[in-house]
Amino acid sequence: MLDAPVGRLEGALGQASVIVGLEARKLAHDPTELFLRAIQPALWLVVFGSVFSVIHAIPTGSETYLEFLTPGILAQSVLFIAIFYGIASIRERELGIITKFLVSPTPRLLLVGSRGVSASLRGLSQAVVVLLLATALRVPLSFTVVSVGGVLVAIVLGSTLFSTLSMIIASLVRTQERFLGIGQLLTMPLFFASNAIYPIAIMPAWLRPFAYGNPLTYLVDALRGLMVPSGGSLFPVAEDLGVLLAITLGLIAIASQLYPRLAQ
Amino acid sequence: MVPTAPGPAVVACRHLTRRFGEIVAVRDLSLEITADEIFGLIGPNGAGKTTTIKMLTTLLPPTGGTATVAGFDIVREPARVRRSIGYVPQLISADAQVTGFENLWVVGGLYRIPRHERRARAEEALERMGLGPVADVLVKNYSGGMIRRLEMAQALLHRPRVLFLDEPTVGLDPVARDAVWEQIDRLRRDYGTAVVVTTHYMEEADRLCERVGVIHRGEVVALGSPAELKATLGQPGATLGDVFTHYAGHEVELGGAYREAGRTRRIAARLE
């Protein structure tokens, strides 16, 4: 009855791949959401970015404001999509679909981790939109193999992090109304207490510790370090990714304990 | 402990109990179910049927007692229990946003059916449930009966030893209900799968279950074959509904809180 180690690894990969694949199939059958989601970052870049570039209100050193802003807006759209990912789990709880996953022999850690990773498909679609727009706006971005690969890794990590946080909230509150309330409550502080649209250096002193404790800061910083050739990032990219990975793993461990509550 | 049923027990509950705060949803439940029977748990909404099934399928930990399913302890060996069972919940377990085949493909992966076998098994299961022609149609376009049959196909894909069905016919029209029961019966004949089913339709339980446990306010108040239970009343022409009234002290249709009622109607609405 005991599986061989190789068979177990293969089985676990199979479980993870169908969970991620399911998300891909859903998006392929109905991509409306992806198009709707692209509107907001477009407005931020085209309207907000262009205006603030012209008036030079935000000091960004040697980079133009649009160069500074592009990674921030990409990180923001990743956050905004991922933080509401948990609502799908609440809907699945109400329908009953969640039990299908929880009665299956998929280990809880793998289940939650794979669902988190599957949420990054939406985040990746945003990357395509933001990068195309930025190119159209003639923002000089780095397009080397390393930088593009690094951006993909950072987006997968950031999406998994925030969508796992979202699943934790969903497991705790269990109703759509409360979930939406908390989601709304979280997004703005995470966004504004980060280096997404202005540097930490210009923040008031009391806000800076929050910015350094905010995972979004490390996602923005990693993307900035990878995408903007003239730099302007606070930490080495490897450090940013390390912080994101550590937080993600911690959140997955917590979520795997709480997620089964959705079937009770 | 003396077994109460002939043959090896595939489900054995020992003093199984579940409390939610002050409320005792299932109280000291002890019973055995054998490998070759269709066993019905009958009772009104809110009697504790779903809570019992959730404990046996490892979704909800018991607060007292334990049970073995397919020989594995639900508390100590949940992973092994999960590998041995199939479950069709009272609510819906098929994803409306993908096709019938895709639903089965995902389930096949979750149960670690190797890729090279998965497609053939999924197609076979769809054929078996009469869903071959709609395999590539999005499930949101399925009828209620088709959804239930797809869910049964999902629950059977890995050939479980025990199949748990929680109110499988709620919200279905009589034709679809008969089709579901026909599948349950065929399954047991072809694969020897033990079936544990909950229902509050007494006439269904009477017709199709070898043995039933009457559950009322979290306790099993009567246990036996429908014929045996009806005989205990000593009145000719007694129905299983009469048995329930006798043991539970009131009509079947009473009971069931607002939430339960809302839930049942929502399922019915979704399945239409």
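Inside segment B:163-195, can you point out the residues that are at pLDDT below 85 and closer than 20 Å to B:GLY46 by Cα?
Across segment B:163-195, the qualifying residue is only B:GLY171.
Does B:LEU56 satisfy being within 15 Å of the chain's Cα centre (by Cα) and at pLDDT 95 or above?
For B:LEU56, the condition - within 15 Å of the chain's Cα centre (by Cα) and at pLDDT 95 or above - is met.
Condition first: under 21 Å from the mean Cα position of the chain (by Cα), at the interface with chain A (Cβ under 7 Å from one of its Cβ atoms) and outside any helix (DSSP H, G or I). Now tell me which residues in segment B:91-119 satisfy that.
B:LEU91, B:ILE92, B:SER93, B:ASP95, B:TYR111, listed by residue number.
Within segment A:27-62, take every residue that is surrounded by 11 or more Cβ atoms within 10 Å (Cβ to Cβ) and among the polar types (S, T, N, Q) and give me the one that is farthest from A:ALA136 (Cα to Cα).
The selected residue is A:THR60.
Hey, can you tell me all the residues within segment B:70-86 that are more than 26 Å from B:GLY21 (Cα to Cα) and crowded, with 20+ Cβ neighbours inside 10 Å?
Our first condition is that a residue be more than 26 Å from B:GLY21 (Cα to Cα); within segment B:70-86, this holds for B:70-72, B:79-86.
Residues satisfying the conditions are B:VAL81, B:ARG82, B:ILE85, B:GLY86.
Among A:GLY158, A:GLY150, A:GLY232, which is the only one that is touching a residue at least 12 places away in the same chain (Cβ under 8 Å) and part of a loop (DSSP other than H, G, I, E, B)? Walk me through how you get there before you give the answer.
Details: A:GLY158 fails: part of a loop (DSSP other than H, G, I, E, B); A:GLY150 fails: part of a loop (DSSP other than H, G, I, E, B).
Result of the check over A:GLY158, A:GLY150, A:GLY232: A:GLY232.
Is it the case that segment A:81-94 has a residue that's within 14 Å of chain B (Cβ to nearest Cβ), surrounded by 22 or more Cβ atoms within 10 Å (Cβ to Cβ) and in contact with a Pro (Cβ under 7 Å, 6 or more places away or on another chain)?
Looking for residues that are within 14 Å of chain B (Cβ to nearest Cβ), surrounded by 22 or more Cβ atoms within 10 Å (Cβ to Cβ) and in contact with a Pro (Cβ under 7 Å, 6 or more places away or on another chain), one finds none in segment A:81-94, hence no.
Could you go through segment A:62-75 and let me know if any residue there is assigned to a helix (DSSP H, G or I) and within 29 Å of B:TYR87 (Cα to Cα).
Going residue by residue through segment A:62-75, those that are assigned to a helix (DSSP H, G or I) are A:65-75.
Retained after the next criterion (residues that are within 29 Å of B:TYR87 (Cα to Cα)): none.
Within segment A:62-75 (the criterion being assigned to a helix (DSSP H, G or I) and within 29 Å of B:TYR87 (Cα to Cα)), the answer is no, since none of the residues qualifies.
Could you tell me how many of the residues in segment B:19-75 are assigned to a loop (DSSP other than H, G, I, E, B) and over 24 Å from A:LEU102 (Cβ atoms)? First the steps, then the outcome.
Step one: filter segment B:19-75 for residues assigned to a loop (DSSP other than H, G, I, E, B), giving B:21-22, B:35-37, B:43-48, B:57-63, B:70-71, B:74-75.
Subsequent filtering for residues that are over 24 Å from A:LEU102 (Cβ atoms) retains B:22, B:35-37, B:43-44.
Residues flagged as assigned to a loop (DSSP other than H, G, I, E, B) and over 24 Å from A:LEU102 (Cβ atoms) within segment B:19-75 amount to 6.
Within segment A:174-194, take every residue that is under 17 Å from the mean Cα position of the chain (by Cα) and not in a helix (DSSP H, G or I) and give me the one that is surrounded by the most Cβ atoms within 10 Å (Cβ to Cβ).
By that ranking, first place goes to A:SER194.
Looking only at residues in segment A:114-143 that are in contact with a Pro (Cβ under 9 Å, 6 or more places away or on another chain) and of a type outside the set (A, V, I, L, M), which one is farthest from the other protein chains (Cβ to nearest Cβ)?
Of everything passing the filter in segment A:114-143, A:PRO140 is farthest from the other protein chains (Cβ to nearest Cβ).
All but one of (1) closer than 30 Å to A:ILE90 by Cβ; (2) surrounded by fewer than 23 Cβ atoms within 10 Å (Cβ to Cβ) hold for A:LEU251, so report the exception by its number.
Only one criterion in (1) closer than 30 Å to A:ILE90 by Cβ; (2) surrounded by fewer than 23 Cβ atoms within 10 Å (Cβ to Cβ) is unmet by A:LEU251, namely (2).
Count, please, the residues in segment A:215-264 that happen to be out of contact with any Lys or Arg (no Cβ under 7 Å at 6 or more places or on another chain) and farther than 22 Å from A:VAL112 by Cα.
Total satisfying the criteria: 21.
The values are calculated or read from the model by the stated rules, or taken from the named source; none is laboratory data. What you are looking at is a predicted structure, and each value in this text was computed from that prediction instead of being measured. Ideal geometry is used to build each Cβ from the backbone, glycine not excepted, and the neighbour counts take in all protein chains shown.
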